[in-house]
Amino acid sequence: MSKTLFECKQLSHRYGKTLALDTVELSLQSGQVTALLGPNGAGKTTLIHLMLGLFPIQQGELSLFGTRPGQLTRQRIGAMLQISGVQDNLTVIELIDLFGSFYPQRADTDQLIDEAGLDGLEQRQFQRLSGGQQQRLLYALAVVGQPDLLILDEPTTGLDPSARRKLWRAIEQRRQHGGSVLLCTHYMDEAEQLADQIVVLDQGRVRIQGTADDVRAQVPNQQIRCRSSQSIDPIESMETVLQVQQHDGMIEILATRAEPVVRHLFAQDPDLTALEVQRTTLESAFLALTEADSNRSNPLDQEAA
């Protein structure tokens with residue numbers, strides 16, 4: 001049975017006159033992967049730092065494991081942040097042993113090496129690892145204490161497709177064993193593949209919290225593609241059509257309902273080919289939710305994603 005690991009109510013945070021978080025209401029359940037999505041400057045990093053107890057709570061309420069963030073909660077959290085801060089002259093095994101010494105119960109080193117894909121790199125210094133290898137080691141350091149909540153901030157940046165998939169499997173295995181993960185990512189396919197729920201944060205506010213289908217439902221459009229030489233003018237005038245583009249013989253259509261558009265396409269050109277109909281992608285829905293306010297300047301653009 002899942003329980004609430006993290007909860008915040010009316011949480012706000014300012015940097016001077018700039019409002020980074022604006023009355024955020026959010027909760028995370030145990031045994032789930034939650035993807036935190038948002039453009040740069042949305043407030044994601046601020047929220048993570050508050051969860052880790054790195055910033056004081058200015059306004060509102062925040063609880064982790066039923067208490068305020070502090071030393072006791074940090075021992076139950078593993079975090080992989082964009083700024084590592086590790087000693088780059090230490091080897092892989094030295095760093096794992098060092099970070100493991102901070103926790104009362106540490107993971108088995110051999111299993112950790114295997115999970116993170118670090119076999120054969122045990123004696124290599126951090127500074128001599130490739131970017132992808134460094135990412136895998138930082139993941140290992142985040143889970144060495146067998147955390148109740150794992151926070152991953154852009155964990156697959158710099159990984160090749162094979163290493164990325166391996167890390168996905170490690171995250172999925174953690175969930176299968178009851179682990180809880182907060183995943184901050186810019187990769188929509190990553191969020192869709194891994195997350196039980198998605199939180200879209202924009203301009204310091206939660207735009208939506210729910211499943212990937214819940215997010216897509218906010219923009220209930222369909223995308224139609226086909227190869228045809230017919231004119232797009234009659235298509236553009238259809239009631240359900242929002243946008244039409246044509247290039248190199250391909251017609252791309254965004255519509256609120258696909259069926260009448262497809263019937264029209266076949267009626268005008270029975271020989272059309274390469275017909276595809278797709279529901280709104282998570283990326284399209286995310287952009288629609290967050291770009292509505294894109295004309296507003298944001299002083300927090302330099303905040304890490």
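When the surface is traced with a 1.4 Å probe over the full set of protein chains, residue 21 keeps roughly 0 Å² accessible.
Output the peptides 278-288, 134-144, 44-54 sorted from most to least packed, where packing is the average of other Cβ atoms within 10 Å over each peptide's residues. Walk me through the intermediate numbers first.
Values: 278-288: 17.7, 134-144: 23.2, 44-54: 20.9.
For the peptides 278-288, 134-144, 44-54, the packing ranking is 134-144, 44-54, 278-288.
Farthest towards the positive end of the charge dipole of the stretch 118-196, among the residues 140, 173, 123, is the Cα of 123, using unit charges on the Cβ of Lys, Arg, Asp and Glu.
At 222 nm, what helix-only mean residue ellipticity would the chain give, in deg cm²/dmol to the nearest 500, using -39500 (n - 2.57) for each DSSP H run of four or more? It would help to have the intermediate numbers written out before the result.
Numbers: 11 runs with 94 residues, N = 305.
Mean residue ellipticity, 222 nm, calculated: -8500 deg cm²/dmol.
Between helix 161-176 and the chain, what is the angle of the helix's C-alpha long axis to the longest principal axis, kept within 0 to 90° and rounded to the nearest 10? Tilt of helix 161-176: around 70 degrees. A cut-off of 5 Å between modelled amide H atoms, ignoring neighbours fewer than 5 places along the same chain, links residue 181 with 32, 33, 34, 150.
Under a 10 Å cutoff between Cα atoms, tell me which one of 104, 39, 220 has the largest fluctuation in the Gaussian network model of the chain. Looking only at 104, 39, 220, the biggest GNM fluctuation is shown by 104. The residues of the stretch 181-234 expose, per residue, 41 Å² of accessible area to a 1.4 Å probe. This model, with +1 at the C-beta of Lys and Arg and -1 at the C-beta of Asp and Glu, gives the chain a dipole about its Cα centre of some 880 debye.
Rg and Dmax, both from the Cα atoms of the chain and both in Å, are 22.8, 71.
Shape annotation for the stretch 36-75: C-alpha extents along the principal axes are 31, 22, 16 Å, from largest to smallest.
The tail of the calculated P(r) for the stretch 211-263 beyond 14 Å holds 52 percent of all Cα-Cα pairs.
For the stretch 21-123, the spread of Cα positions along the three principal axes, ordered from largest to smallest, is 47, 31, 27 Å.
Per atom type, the chain shows carbon and sulfur on 45% of its accessible surface, probed at 1.4 Å.
Under 27 Å of direct C-alpha separation, and excluding same-chain neighbours fewer than eight residues apart, residue 3 reaches these lysines: 44.
The values are calculated or read from the model by the stated rules, or taken from the named source; none is laboratory data. Note that this is a predicted model, so its numbers are computed, not measured. Cβ atoms come from the backbone with ideal geometry, glycine included; neighbour counts cover every protein chain shown. Areas reflect the complete protein model, heavy atoms only, side chains present, ligands, DNA and RNA absent. Shrake-Rupley method; radii C 1.70, N 1.55, O 1.52, S 1.80 Å.
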